[in-house]
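S.K.: Can you keep this structure in mind? I'll have questions shortly.
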Amino acid sequence: MNVGKDRPTVIVTEGYGAAYASMPHYREELSRFFDANIIFVEHRYFLESTPKPLDWKYLTAENSAWDLHRVTKLFKTIYKGKWIATGISKGGQTALIYRAFFPEDVDITVPYVAPLCKSREDGRHEPFISNFAGTKEQRAAVLDFQKRILEKRATLQPKFDSLCMANKYKFNLPLENIYDYTVLEFSFSFWQWGSPVSGIPGADASDDQLFKYWIRMCSPDYFVNNSPTAAFFVQAARELGYYGYDVKPFKGLLTIKNTKGYLSALFLPEGSEYKFDNSLYKKLKKFVATTDKKMLFIYGEFDPWSSVKVDEPKNDNVVVLVQPEGSHRARISNMPDSLKNEAIEIIKRWLSE
């Protein structure tokens, strides 16, 4: 979207597909706050940016940074004002990656809820969900719901199987295993999206009510093979990392013994296997710790991805703001007024420098 050649320019570093940005009224929040131009870049290997033939070896963080570098270089011949790189979730991670590889390309980087994982199954998400997301009572309510779904497998598994067959979902594992994974995923999804505990069906809820709530909150289609987001799982397995599941609270209720290696078992394209390389993690961690480049990170307090947020900054130009009780939906616009004003003033000051 063009506002003016003399205005700031926001380059949105999408981590997935960009189809939604083609909607006529799409406007990213920083462009609204600062009356800025928008350049929206779809991530390679998603939607229209998927190469043919499909060769995964070119799907790397560094190559995605080069994509953004080339786009920025091209449009800087038109837009001469300050530049802001921003993205949400994997897009926020992409914005950080871009800045680390090309620190001089933009003036400001604003990653929202951007994870920084150190391994394929990082290990920090699970204790966060067990000990820090919500209150003790709220966490207990979420865990109780998961156990109820497992304890009612005899009546709910047939409903689950029928749903999957009706929708023609295809999985790499048996349906009873997918049932388990959909229960395990529930707590992550619940806290990630800031769901209200008051919405969890009570003890007197019918099986139908339990099932509908569970599937609405955490659909098994997340685990289908040949997913449109297969490229993400390739990246997660190779260098971005991901999370694991804690099966200990569900002893005796699962059909699976553990979830180790589930990323490969469930998500990776057939015939593909990758060894995780943590050099990207080390590069980004060092960059955040040592850079003086202007970066503002936004996180939500109860979002499981905040367990792998960037370290507390050591330079005044790197700022981390955490939305109290916030989720993966944390944005500047829905921050408490004091934090919202602080974020806007920081960026406004940086734009004027």
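The values are calculated or read from the model by the stated rules, or taken from the named source; none is laboratory data. Fair warning: this is a prediction, and the values are worked out from it, not measured in the lab. Methodologically, a virtual Cβ is constructed for each residue, glycine included, from the backbone with ideal geometry; neighbour enumeration extends over all protein chains shown.
S.K.: Test R139 against the stated conditions and say whether it is farther than 20 Å from I215 by Cβ, at pLDDT 95 or above and surrounded by 21 or more Cβ atoms within 10 Å (Cβ to Cβ).
M.R.: no
Yes or no, residue by residue, for (1) over 30 Å from G326 (Cβ atoms); (2) in contact with a Cys (Cβ under 6 Å, 6 or more places away or on another chain); (3) assigned to a loop (DSSP other than H, G, I, E, B):
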{"residue": "A154", "(1), (2), (3)": "yes, no, no"}
{"residue": "D204", "(1), (2), (3)": "yes, no, yes"}
{"residue": "Q209", "(1), (2), (3)": "no, no, no"}
{"residue": "Y242", "(1), (2), (3)": "no, no, yes"}
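S.K.: Does any residue of region 279-286 turn out to be over 25 Å from K170 (Cα atoms), among the small types (G, A, S), touching a residue at least 12 places away in the same chain (Cβ under 8 Å) and surrounded by fewer than 20 Cβ atoms within 10 Å (Cβ to Cβ)?
M.R.: Among the residues of region 279-286, at least one is over 25 Å from K170 (Cα atoms), among the small types (G, A, S), touching a residue at least 12 places away in the same chain (Cβ under 8 Å) and surrounded by fewer than 20 Cβ atoms within 10 Å (Cβ to Cβ), which makes the answer yes.
S.K.: Considering only residues that are in contact with a helix residue (DSSP H, G or I) (Cβ under 6 Å, 6 or more places away or on another chain) and hydroxyl-bearing (S, T, Y), look in region 240-278 and name the one that is surrounded by the fewest Cβ atoms within 10 Å (Cβ to Cβ).
M.R.: T255
S.K.: Here are some residues: Y16, Y58, Y98, Y45. Which one is among the hydroxyl-bearing types (S, T, Y) and in contact with a strand residue (DSSP E or B) (Cβ under 9 Å, 6 or more places away or on another chain)?
M.R.: Result: Y98 is the single residue among Y16, Y58, Y98, Y45 that is among the hydroxyl-bearing types (S, T, Y) and in contact with a strand residue (DSSP E or B) (Cβ under 9 Å, 6 or more places away or on another chain).
S.K.: Checking S306 against (1) surrounded by fewer than 20 Cβ atoms within 10 Å (Cβ to Cβ); (2) assigned to a helix (DSSP H, G or I), which test does it fail?
M.R.: (1)
S.K.: Confirm whether K82 is in contact with a helix residue (DSSP H, G or I) (Cβ under 7 Å, 6 or more places away or on another chain) and either surrounded by 13 or more Cβ atoms within 10 Å (Cβ to Cβ) or of a type in the set (D, E) (or both).
M.R.: Answer is yes for this residue.
S.K.: Hey, another quick one. Are any residues in region 156-179 outside any loop (DSSP other than H, G, I, E, B) and more than 19 Å from Y245 (Cα to Cα), and if so, which ones?
M.R.: Of everything in region 156-179, those that are outside any loop (DSSP other than H, G, I, E, B) and more than 19 Å from Y245 (Cα to Cα) turn out to be L156, Q157, P158, K159, F160, D161, S162, L163, C164, M165, A166.
S.K.: Now for a different question. Output the number of the condition that P269 fails; it satisfies all remaining conditions of (1) within 16 Å of the chain's Cα centre (by Cα); (2) at pLDDT below 95.
M.R.: Evaluating P269 over (1) within 16 Å of the chain's Cα centre (by Cα); (2) at pLDDT below 95 leaves (1) as the failure.
S.K.: Run Y26 past the list (1) modelled with pLDDT of 95 or more; (2) assigned to a loop (DSSP other than H, G, I, E, B); (3) aromatic (F, W, Y) and report the number of the one that doesn't hold.
M.R.: (1)
S.K.: Among I97, I78, I129, which is under 19 Å from the mean Cα position of the chain (by Cα) and either assigned to a loop (DSSP other than H, G, I, E, B) or under 20 Å from E239 (Cβ atoms) (or both)?
M.R.: Unique residue meeting the criteria: I97.
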